[in-house]
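Worksheet: the structure to be examined is printed underneath.
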Amino acid sequence: MIANCKRSHNYTASEKELLLTIFEKFKSVIECKKTDTQSVRDKQTAWKDLTAVFNSQSTHVPRSDDQLKSVWKNIKGQNSKAVQPEFIC
């Protein structure tokens with residue numbers, strides 16, 4: 001077991017809404033499919049900028065860019081599961 005890991009507070013609904021609102025400004029850079037060096041740098045910069053904006057507007061616990069990436073992936077995954085049609089075998 002890793003002793004240095006500390007569990008963070010759960011995300012509130014208002015934090016998730018704030019993340020989605022701010023994400024719209026950075027969406028074109030972050031969701032770009034390119035993987036060349038410049039695009040990767042641009043994505044890293046966009047996440048850092050998004051994190052700075054999020055933490056300046058949030059009244060809750062400050063979050064890191066890795067934490068915001070993780071919750072974004074979770075939200076994105078939940079939405080794609082909701083859209084998928086159900087198959088009956």
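What shape does the range 34-79 have by the C-alpha gyration tensor, where a ≥ b ≥ c are the square roots of the eigenvalues, rounded means a/c under 1.5, and otherwise prolate means a/b greater than b/c and oblate the rest?
Here the range 34-79 falls in the oblate category.
By a straight-distance test (C-alpha under 13 Å), which aspartates and glutamates pair with K43 as possible cross-link partners, with residues fewer than eight away in the same chain excluded?
Cα-Cα hits under 13 Å: E31, D65, D66.
When the Karplus curve 6.51 cos²θ - 1.76 cosθ + 1.60 is applied with θ = phi - 60°, which whole-Hz ³J(HN,Hα) does each residue of the range 44-58 get, with x for Gly and Pro?
Values per residue, Gly and Pro as x: 4, 5, 4, 5, 5, 5, 4, 5, 4, 5, 4, 5, 6, 9, 7 Hz.
Can you tell me the length gained on complete extension of the stretch N55 to S28, counting 0.36 nm per residue apart and subtracting the Cα distance?
Residue separation times 0.36 nm, minus the Cα-Cα distance, leaves 7.6 nm.
From the Cα gyration tensor of the range 1-50, with a ≥ b ≥ c the square roots of its eigenvalues, which class applies: rounded if a/c is under 1.5, or else prolate if a/b is larger than b/c, or else oblate?
Oblate shape, in that a/c is at least 1.5 and b/c is the bigger or equal ratio.
Taking θ = phi - 60°, what integer Hz values does the Karplus form 6.51 cos²θ - 1.76 cosθ + 1.60 yield along the range 6-18, in sequence order, with x for Gly and Pro?
Using θ = phi - 60°, the values come out as 10, 6, 8, 5, 5, 7, 7, 4, 5, 5, 5, 5, 4 Hz.
Readers should treat all values here as calculations from the given coordinates under stated rules, not as data from a laboratory. Nothing here was measured: the structure is a model prediction, and the numbers come from that model.
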